[in-house]
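Trainee: Here it is, the structure in full.
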Amino acid sequence: MEQETPGSGARGALETILQNVDLSRANATPICQDTGTPIFYVYYPEGWSTRKLRTEIEMAVEQATKQAFLRPNSVDSLTGKNSGNNLGGDYFPTIHFQETDGIALTIELILKGGGCENVGAQYSLPNDELGAGRDLAGVRKVVLDAVQKAQGQGCAPGILGVAIGGDRGSSYYASKEVLFRSIDETNPDPQLAALEDRLTEESNQLGIGPMGFGGKTTALGTKITSLNRLPASYFVTISYMCWVYRRRKMVWQNDQVTYS
């Protein structure tokens, strides 16, 4: 906020955002009217039942909706009917399961709003229109193109989750999973770390600014991961996350629960 010009739309938007944060913390109320799609990543010990874990998670989502921590967001795509409890079929909420070593159960949750989800993008390289080849220079071009096209519709300032490679599905999966990284965490791959910093810096030079009002703050950070791919394919997937960036992690081990 201090980087923006006093009296500007950008600074005013950031001031309102910070006031909203304070009010939400003080009143234990949702920070945005769109509480988003609940997306869970569950890492469970060997032998646990994913069916039972899904049931527990769905019960928790339903309870949170009744208590108004979550807005009813699950709508039948054919009838338009809202389920009223944030449940619907096998894909709402979205739950990814992965068996791990050890005895700890780890559940990570991200709430992804519809506005930022709408401006996510996937590119197949090479992209002749953008002059983007199958290399990190090409990745840079398509990510900046996605940010430019998003403008303020993704509720900027945003956080960019980027996956390079994989197939169409796994690339989207990984581009959201990488958003669980801490915003100040440095990528262990020096090439990707340098690209993350460059993309954040160059996104902030596009002049889009908070909520599209112009200014110096379009992106708060960029997180990139790389996946193996088929020789015939080179996907780059961008999951744009709004400024709210709602994440939560729970670890259960030896009857002890910790949150972060």
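The values are calculated or read from the model by the stated rules, or taken from the named source; none is laboratory data. The structure presented is a predicted model; accordingly, all values stated were derived computationally and were not measured. So basically every Cβ, Gly included, is an ideal-geometry build from the backbone, and we count neighbours across all protein chains shown. Side chains included, ligands, DNA and RNA excluded: accessible areas come from the protein's heavy atoms. Shrake-Rupley method; radii C 1.70, N 1.55, O 1.52, S 1.80 Å.
Trainee: Condition first: open to solvent by 20 Å² or more (accessible area, probe 1.4 Å), assigned to a strand (DSSP E or B) and either in contact with a Leu (Cβ under 8 Å, 6 or more places away or on another chain) or not aromatic (Phe, Trp, Tyr) (or both). Now tell me which residues in region 236-260 satisfy that.
Mentor: Arg246, Arg247, Arg248, Lys249, Met250, Val251, Trp252, Gln253, Gln256, Val257, Thr258
Trainee: For region 40-63, enumerate the residues that are among the β-branched types (Val, Ile, Thr) and surrounded by fewer than 16 Cβ atoms within 10 Å (Cβ to Cβ).
Mentor: Residues of region 40-63 among the β-branched types (Val, Ile, Thr): 42, 50, 55, 57, 61.
Once the filter is applied, which keeps residues that are among the β-branched types (Val, Ile, Thr) and surrounded by fewer than 16 Cβ atoms within 10 Å (Cβ to Cβ), region 40-63 yields Thr50, Thr55.
Trainee: Across region 180-199, what is the number of residues that are open to solvent by less than 40 Å² (accessible area, probe 1.4 Å) and free of Cβ contacts under 8 Å to residues at least 12 places away in the same chain?
Mentor: Residues in region 180-199 being open to solvent by less than 40 Å² (accessible area, probe 1.4 Å) and free of Cβ contacts under 8 Å to residues at least 12 places away in the same chain: 1 in total.
Trainee: Could I ask something else about it? Show the residue pairs meeting these rules: Cβ distance below 7 Å; 6+ apart or different chains; first residue within region 6-32 and over 27 Å from Lys66 (Cα atoms); second residue not in a loop (DSSP other than H, G, I, E, B).
Mentor: Final answer for the pair search is Ala10/Pro210; Ala13/Pro210; Ala13/Met211; Leu14/Pro210.
Trainee: Can you tell me which residues in region 149-170 are surrounded by 24 or more Cβ atoms within 10 Å (Cβ to Cβ) and small (Gly, Ala, Ser)?
Mentor: If the condition is that a residue be surrounded by 24 or more Cβ atoms within 10 Å (Cβ to Cβ) and small (Gly, Ala, Ser), then Ala150, Gly154, Ala156, Gly158, Gly161, Ala163 are the ones that fit.
Trainee: How many residues are surrounded by 22 or more Cβ atoms within 10 Å (Cβ to Cβ), in a loop (DSSP other than H, G, I, E, B) and within 20 Å of the chain's Cα centre (by Cα) if we restrict to region 200-216?
Mentor: Matching residues across region 200-216 total 2.
Trainee: Within region 71-115, restricting attention to residues that are in contact (Cβ under 8 Å) with a residue 40 or more places away in the chain and among the aromatic types (Phe, Trp, Tyr), which residue is farthest from Ala60 (Cα to Cα)?
Mentor: The qualifying residue farthest from Ala60 (Cα to Cα) is Phe97.
Trainee: Keeping to region 79-102, report how many residues are at negative phi, loosely packed, with under 14 Cβ neighbours inside 10 Å and part of a loop (DSSP other than H, G, I, E, B).
Mentor: 5
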